[in-house]
Amino acid sequence: MPPIRKVWLVVAVVLAACVPYLSSIRDYFAQDDFGTVMILAKRSWTTFPRWFVMPWMEYIWGYTPDEIRPFVAFTYQLTGKWAPHRPELHHIVNIAMHAGNALLVMAIGRAAVGLSPVAAAFAAIVFAVLPSQPESVAWITGRVDSMPAFFYLATFLAYVHFRRSPAQQSFDLTLLGAGRHATIFHPPAAYLAALALFFITLFSKQNAITMVATLAAYDLLVLGRERRGSLWWTVAAWTPFILMTAGYLALRRAVFGHTVRGGIDSVHDIEAFFGMVERHLLRVTVGHLSPILSWEVWAAVFLLALVTFAMWREPRFTRRVLCFSVAWWAIGVAPILVAGYESPRHVYLASVAWAFLLALVADAVVPRLQRPWLRIMAATIGLAVVAVYVVQLRATLEDWHALARISRNAVERVREEALSAPEGTLLLVGVPRSSWEWGVPFVMQPPYQPTDLTARVRLVTPWRLYCCGAEQWDVYARRHLQAWLDAPNRPPLVALHFAPDTGHVSRLTEAESPELRELIPVLLQTDTPETLDGAIVHLLERVVKK
């Protein structure tokens, strides 16, 4: 293919990865963003070495997270040093990371999967516009998955280039004075680059421990013995990765007391795991969790027929599908076993498997189409797949825009209330969970506020908006409610409710509704965190909401 055409393919991939997300650059902070940006923007540059032996989020969530992520932390530190109260630079970094991942998918498609330039670009574009990706790209904290994926893919690509390079072969060295020949390993630059990139990957997110399995799948399923060498040399190439993984796990045990988080303890856990995998598969392939439509069923049948045909005609196709679709997906979703919760960003890396499968099918079928109209039809189908995903992606991004808009409005409105109200005022605030989850009390502090407003007013919200666990929130909420009741010349009470869909603000004060003051002792009479949370939610949604 002429170089100019390859350039246009690269441009197309970059545009596919960037253009849909440009509208998110001005989206405000949401959920974990508040705590993450606040704590990392405050840290000095000398903190970086210590992040290799300490949790990057320290104790801000009310517990010590078992996460050693110095390289990810450094990016937030970097983007948060200048105007940390503004989200634009954070979003630009996320979008650039996503574009880099798409280009790596394209490069792996060419170098490892053996796709044609057009098919590799198609895989990259599909990956870029999948409707399951916004949480990893449009959400600032989503970088905790897109950045490790970048170095994971880069590590794999460097390893592939090592395997493709003649320099990987061993050579003979005459041992001085021994009169014998010994074969030693001669690592080329690509191999050393893979090791360096793997180190960064390990210290970006713990799911990097699956890298050895990915390398093994490539060596054993795709490469022949003449390319990878004997079994001894194959294992020798994996050994540094195995040792680095073992060292990383040993470090985790030394710091946290365990190597991996959680696991499978019962049949229920197994069922829950496969349930999550099924939902993730639906998010990636059809873009939704709604009931499957009839045309989607027929599309799946058509794709299965094409895969079967290609596997029958070409054994090499089978090996590539097993490696880059089946094994890649299985390895990519394996960390869900210990994730502890379900999130679309957990399959950001695994979603590459779906992009490769579609590209492999296209590359196997389209060249065999002799008639021009058949090729046009195939190109139309490919464009239709991308178009469907783009439409779904736009709808998902609209949801992210809406929650970011409500988050910004809530931060600004609470600031106005806090600065205009007498000191000690009790603010009861209900914000959609999708906007402020884990955000309190950070939303009341710099850099999101000019001063620490928690020193001026008492903010109480439903539990899910608080940074920490239910028991910790219970102590926090009851302390503020009781302090307000006990205050001399009891300060005012203001309740705000933000509608989930529109962000419409309902405001109620004790002057407008005197019984509002009498409900505070009732809240304190609840005996569990759950009942207190339910009572506050009921008050906000039934009494305050208009």
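The values are calculated or read from the model by the stated rules, or taken from the named source; none is laboratory data. Predicted model, so just to flag it, every value in this text is computed and none were measured. Backbone-built Cβ (ideal geometry, glycine too); neighbour counts: all protein chains shown. The accessibility values were calculated without ligands, DNA or RNA, using every heavy atom of the protein model including side chains. Shrake-Rupley method; radii C 1.70, N 1.55, O 1.52, S 1.80 Å.
Some notes on this structure:
- Identity of the residue in segment 229-247, polar (S, T, N, Q) and touching a residue at least 12 places away in the same chain (Cβ under 8 Å), that ends up farthest from Ala112 (Cα to Cα): Thr245
- Those residues of segment 153-164 which are of a type outside the set (D, E, K, R) and open to solvent by 10 Å² or more (accessible area, probe 1.4 Å), in sequence order: Ala154, Leu157, Ala158, His161
- Checking Ala350 against (1) part of a helix (DSSP H, G or I); (2) surrounded by 19 or more Cβ atoms within 10 Å (Cβ to Cβ), the condition it does not meet: (1)
- Members of segment 471-488 that are at pLDDT 95 or above, open to solvent by less than 60 Å² (accessible area, probe 1.4 Å) and farther than 21 Å from Val414 by Cα: Asp474
- 1 or more residues hydroxyl-bearing (Ser, Thr, Tyr) and over 31 Å from the mean Cα position of the chain (by Cα): qualifying strands (runs of 3 or more DSSP E) within segment 448-524: 505-509
- Positions within segment 304-314 being under 20 Å from Thr285 (Cβ atoms) and either among the β-branched types (Val, Ile, Thr) or exposed (fewer than 15 other Cβ atoms within 10 Å of the Cβ) (or both), in sequence order: Leu304, Ala305, Val307, Thr308
- Subset of segment 196-228 (residues that are closer than 14 Å to Arg319 by Cβ, touching a residue at least 12 places away in the same chain (Cβ under 8 Å) and assigned to a loop (DSSP other than H, G, I, E, B)): Val222, Leu223
- Helices (runs of 4 or more DSSP H) enclosed by segment 1-90 - at least 2 residues per element that are among the basic types (Lys, Arg) and surrounded by fewer than 17 Cβ atoms within 10 Å (Cβ to Cβ): 3-18
- Test result for Val301, open to solvent by less than 40 Å² (accessible area, probe 1.4 Å), assigned to a helix (DSSP H, G or I) and not acidic (Asp, Glu): no
- Residue selected from segment 315-346 under the condition in a loop (DSSP other than H, G, I, E, B) and open to solvent by 50 Å² or more (accessible area, probe 1.4 Å), by the criterion farthest from Ala123 (Cα to Cα): Gly340
- The set of residues in segment 353-380 that are in a helix (DSSP H, G or I) and open to solvent by 60 Å² or more (accessible area, probe 1.4 Å) comprises Pro367, Arg368, Pro372, Trp373, Arg375, Ile376, Met377, Thr380.
- Checked against (1) surrounded by 15 or more Cβ atoms within 10 Å (Cβ to Cβ); (2) of a type in the set (D, E, K, R); (3) more than 28 Å from Val160 (Cα to Cα); (4) more than 24 Å from the chain's Cα centre (by Cα), Arg228 meets all criteria but (3).
- Those residues of segment 253-297 which are of a type in the set (D, E, K, R), under 30 Å from Phe52 (Cβ atoms) and part of a helix (DSSP H, G or I), in sequence order: Arg253
Residues checked against (1) in contact with a Cys (Cβ under 7 Å, 6 or more places away or on another chain); (2) in contact (Cβ under 8 Å) with a residue 12 or more places away in the chain; (3) surrounded by 12 or more Cβ atoms within 10 Å (Cβ to Cβ):
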{"position": "Val494", "(1), (2), (3)": "no, yes, yes"}
{"position": "Gly503", "(1), (2), (3)": "no, yes, yes"}
{"position": "Leu508", "(1), (2), (3)": "no, yes, yes"}
{"position": "Glu518", "(1), (2), (3)": "no, no, no"}
{"position": "Gly534", "(1), (2), (3)": "no, no, yes"}
{"position": "Val544", "(1), (2), (3)": "no, yes, yes"}
